[in-house]
């Protein structure tokens, strides 16, 4: 006979494996600090690329729209401002990335914990069913009150 509880558990497990299984498995391969550190590197690299893109757009605007001569720019002043801008951008993105990726890792660990609990429930459910089947099939009442088996 089909057991509805078992089907529900197996459905929930299949949905988890389809939606989050591979992602959580990859995250679970790292310690939290290692995962956040690794993800922060990508955030910093992205912030630097975006910062240089913004700086490039700023210089294009200065040169083509404001018609400022390239040789008249104060490169030392702009260099200090650009470096400060990129460092601040990296710091902000590092803090945001640390928070977001730490939260993502914690959510992943919680989902894995719930998945393991559902697996344990399914295993307990299977063992209970197996015990019931075993009792029904192999532990039948063989005693006969009318038979005293006295040979001697």
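The values are calculated or read from the model by the stated rules, or taken from the named source; none is laboratory data. Only a predicted model underlies this, so the values are computations on that prediction, with no experimental measurement involved. Glycine also receives a Cβ, built like all others from the backbone with ideal geometry; neighbour counts cover every protein chain displayed.
Return a yes/no flag: does the stretch 6-28 have any residue that is outside any helix (DSSP H, G or I) and exposed (fewer than 11 other Cβ atoms within 10 Å of the Cβ).
No, the stretch 6-28 has no match at all.
From 135, 120, grab the single residue that is surrounded by 10 or more Cβ atoms within 10 Å (Cβ to Cβ), at pLDDT 85 or above, out of contact with any helix residue (DSSP H, G or I) (no Cβ under 7 Å at 6 or more places or on another chain) and assigned to a helix (DSSP H, G or I).
120
Criterion first (within 13 Å of residue 106 (Cα to Cα) and out of contact with any strand residue (DSSP E or B) (no Cβ under 9 Å at 6 or more places or on another chain)) does residue 20 satisfy it?
Criteria not met by residue 20.
State the number of residues belonging to the stretch 59-95 that are modelled with pLDDT under 90 and surrounded by 13 or more Cβ atoms within 10 Å (Cβ to Cβ).
Qualifying residue count, the stretch 59-95: 6.
Give 95, 64, 58, 85 a once-over and let me know the one that is in contact (Cβ under 8 Å) with a residue 24 or more places away in the chain, in a helix (DSSP H, G or I) and out of contact with any strand residue (DSSP E or B) (no Cβ under 7 Å at 6 or more places or on another chain).
Result: 85 is the single residue among 95, 64, 58, 85 that is in contact (Cβ under 8 Å) with a residue 24 or more places away in the chain, in a helix (DSSP H, G or I) and out of contact with any strand residue (DSSP E or B) (no Cβ under 7 Å at 6 or more places or on another chain).
Take the stretch 67-82 and flag every residue that is outside any helix (DSSP H, G or I) and in contact with a helix residue (DSSP H, G or I) (Cβ under 6 Å, 6 or more places away or on another chain).
The one that is outside any helix (DSSP H, G or I) and in contact with a helix residue (DSSP H, G or I) (Cβ under 6 Å, 6 or more places away or on another chain): 68.
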